[in-house]
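The values are calculated or read from the model by the stated rules, or taken from the named source; none is laboratory data. Quick caveat, the model's predicted, so the values are computed rather than measured. Neighbour counts are summed over all protein chains in view; Cβ atoms, including those assigned to glycine, are modelled from backbone coordinates with ideal geometry. Heavy atoms of the whole protein, side chains included, go into the accessibility calculation; ligands, DNA and RNA do not. Shrake-Rupley method; radii C 1.70, N 1.55, O 1.52, S 1.80 Å.
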Amino acid sequence: MFFRNSLSLFPIILLATALTSIVNVEGHRLSARQNKVDASERLLQGNAQWAASTKKDNTTFFQTSAKGQDPKVLWYGCADSREPESVITNSIPGDIFVHRNIANQVPPEDANSVSVLEYAIKHLKVEHVIIAGHTNCGGANASLSAALAGSSASQTLSDEPSAGALNKWLEPLTEFALSQKSQLSAKSNSDALTVLVEENVKKQVENVSNSEAIQAAWQAETNGTGRAVRVHGWVYDLSTGLIRDLNVTRGPN
Amino acid sequence: MPVHQLLATNAQWAADVAQSDPTFFPTSAQGQSPHTLWIGCADSRVPASVITGAKPGELFVHRNIANQFHPDDKNILSVLRYAVDHLGVEHVVIVGHSRCGGAQACLNAALAPNFVPGNLPIATIEDYPAEEDINRWLEPLTELTASLELGSISDAALQTIVEENVKLQVKNLSQSEVIQRAFENGTTALGKKVQIHGWVYDLATGRLKDLHVSQSSK
C-alpha cells in the first residue's frame, strides 16, 4: 500500500534529500540543509523575497491584483505536494481558482468542493473547470490496494477507523475500484493505478457536469444568455512533469 | 483558449526543469514528504507555492472558499489526517487574505438591514437560495461577522473579519481530534512535533503576515 511504503521510505527520502540538492523553479540550486531551519519561517522568508522581486519586475502588479480577480479557470486538483497547479503550468496569481483535496474528488454531497464550483461558475463566471488527477496518487493507490485485497469500501485503510474522515472520503473511490476489480486485477499494479487515476478523473468530470451549477450554465449557454463553460479531465504525470489531456471534455449538448 | 495555453506552459516548464535537473521528476515520482499543510482560500490570487517560493514537494495544500476549517467537514478532516498522521507534516498553516470575496459577502449579509442573528439558514449571497451549498458553507462566517458588531461595511471592517476568521479557523483546527492528540501526546504517531499557525496574505503588497496565534504541544 502506498501509504505504508511512503512511511517506511520516509527516513530514506529524508537522507536522500539531505544529500542531494534540489532545483527550485527558477533553476537555482538550493542546499537541502535549509530543511533544518524552521519550515514555517522559511516560507515567510521565501514570501518576502518573492514579493520584493515581483514588485521590482512589475511595480503595479500587487495594486492591480488587489482590485479584484477574474480567473477563467477553476482547477480541482489533488492536495499532493507535488502537484502545485500554478507552478506546473507556470501561471501567475489571478489565473486559476483552486480547490485541492485527497484524490481530486468532487462528490455531489460535499458542501466544500461544491461551494467552490457554485462560486466559480455563478459569481466569477469561469469558462473552464479542470479536474487534474496525477500519477502515483496515494489516495487512488489506497483504494486500488483495498479493492484488489477484497476489502469493503468503507474500510479502505485498515489502520484507520471506518467511520473516520479518511475512510469515509475514500469510500466512493474504493467502491469504484471494486466495481472495476476484474479489469484492474488483470493489469500490473502500476498500470492498474494509472487506469484508476484516469477513471477517477473521468468520474469527477461527470460529477461536475451533472452539478446544478454546470447544468444551469449549459442551459443558459444553449439559450444564448450565458457564456461557454467546458469541463476537462487531465492527468499530471509526476515522472515527466507533463500534463495529459484525457480528451473527455464536456460542454452543453 | 486558456486551457491550451496551460498545457503549452506546462510543457515548457517540464522541459526547463528536466534540463536543469534530470533527476527531479523521477525522484519526485517516488514519494512525497511535505513539511507543511497549507489551508488557504481558493482565490486565484493566493497560490501557495508561488507566493512562498516553495518547490513541488514542500506544501500539502487544501484551498476552499474563505479558508474554512469546519469541524465536521470530512473533506478537510481527511486532508488533515493524511497530512499529519500519514505524511508527517510538522506545520499546519491557515492562511486568509485581504479583500476576500467570501468574507465580503458575509460582511454585506451580516450588516444588511433585514438580517436577524440566529435566524438560520442564512442566504449570505442573496442571489442564491439559503440552502445552496455556497450559503451553507458561508453561514458560520456570517454568524461570526454578526457577533463582531462592526457597525458599518468598510475596508477596515473587512480586514477585521479576515483576521478574526483566521483566528477562529485556527481555534477550530486546534480542537480537531488529530491536533488535540498530537498536542496531548507531545508528538504524532510518526514522532513529529506539530505546530499550527494563522497567517494573512496582503494582496496589495504580496506579503504574508503572521497573526502570532501559533500553538504547539504543551
Considering Cα pairs under 8 angstrom that are at least six residues apart, work out the relative contact order of the range B:76-218 and quote it in whole percent. 32
Suppose we look only past 15 Å in the calculated P(r) of the range B:81-154. What percent of the Cα-Cα pairs does that tail hold? 59
Computed from the beta carbon distance with a Förster radius of 22 Å, FRET efficiency for A:Ala216 and B:His4 to the nearest 0.05 stands at 0.25
Report, largest value first, the span of the C-alpha coordinates of chain B along each principal axis, in whole Å. 61, 52, 32
Sequence-distant residues sharing a close amide H with A:Ala153 (under 5 Å, placed H): none
Heavy-atom accessible area of the range B:109-153 with neighbours in place, 1.4 angstrom probe: carbon+sulfur share in percent works out to 49
How long is the gain from A:His123 to A:Arg244 if the chain were fully straight, where each residue apart is worth 0.36 nm and the alpha carbon distance is subtracted? 40.7 nm
Using only Cα atoms, find the angle between the long axis of helix B:74-85 and the longest principal axis of chain B, and express it within 0 to 90 degrees, rounded to the nearest 10. 40
Where the accessible area of chain A is counted over protein heavy atoms with a 1.4 Å probe, how much of it, in %, is carbon and sulfur? 51
For chain A the mean separation of alpha carbon contacts under 8 Å (6+ apart) over residue count, i.e. relative contact order in percent, is 17
Mind ranking A:99-107, B:206-214, A:164-172 by how tightly packed they are, going by the mean number of other C-beta atoms within 10 angstrom, highest first? A:99-107, A:164-172, B:206-214
With +1 on each Lys and Arg Cβ and -1 on each Asp and Glu Cβ, how big is the dipole of the protein assembly as shown about its Cα centre, in debye rounded to the nearest 20? 1080
Determine the residues within the range B:30-45 where the difference in accessible area between the chain on its own and the full set of protein chains amounts to at least 10 Å²; count protein heavy atoms only and use a 1.4 Å probe. B:Gln30, B:Gly31, B:Gln32, B:Ser33, B:His35, B:Thr36, B:Ala42, B:Asp43, B:Ser44, B:Arg45
Of all C-alpha pairs within the protein assembly as shown, those more than 32 angstrom apart amount in percent to 36
Please give the average number of partner chain Cβ atoms lying within 10 Å of the Cβ of each residue in A:138-150, rounded to a whole number. 1
Which residues, if any, in the range A:49-77 lose at least 50 square angstrom of accessible heavy-atom surface (probe 1.4 Å) when the other protein chains sit next to their chain rather than the chain being alone? A:Trp50, A:Phe62, A:Ala66, A:Gln69
Heavy atoms of the protein only, probe of 1.4 Å, neighbouring chains included. What is the accessible area of A:Tyr236 in Å², nearest 10? 10
Suppose all protein chains stay in the model; what accessible area per residue would a 1.4 Å probe give for chain B, in Å²? 38
Where only protein heavy atoms count, and the probe is 1.4 Å, what is the accessible area per residue for the range A:69-245 in Å²? 32
Let me cross-check A:Trp75: its accessible surface, 1.4 Å probe, with only protein heavy atoms counted, in Å² to the nearest 10? 0
Under the 7 Å Cα-to-Cβ spin-label approximation, B:Ser20 and B:Lys193 lie apart by a distance in nanometres of 3.3
Shielding of A:118-125 by partners, i.e. mean partner chain Cβ atoms within 10 Å per residue? 5
Pick out which of A:His123, A:His134, A:His232 has the largest mean-square fluctuation in a Gaussian network model of chain A, springs linking Cα atoms closer than 10 Å. A:His123
Could you work out the Kirkwood radius for the range A:69-245, taking every pair of different alpha carbons, averaging 1/r and inverting it, reported in Å? 16.8
How tilted is helix B:2-20 with respect to the longest principal axis of chain B? Cα atoms for both, answer in degrees (0 to 90, nearest 10). 40
For the interface of A with B, what's the total buried accessible surface in square angstrom, probe 1.4 angstrom, rounded to the nearest hundred? 7500
Among the listed pairs B:Lys74/B:Lys171; B:Lys167/B:Lys209; A:Lys72/B:Lys167; A:Lys181/A:Lys202; A:Lys122/A:Lys168, those beyond 20 Å (Cα-Cα): A:Lys72/B:Lys167; A:Lys122/A:Lys168
Arrange the residues A:Ser81, A:Ser185 by how much accessible surface each exposes, largest first, with a 1.4 angstrom probe. A:Ser185, A:Ser81
Identify which of A:Lys72, A:Lys122, A:Lys56 has the largest mean-square fluctuation in a Gaussian network model of chain A, with springs joining Cα atoms closer than 10 Å. A:Lys56
So in chain A, what percent of DSSP beta bridges are antiparallel if you round to the nearest 5? 30
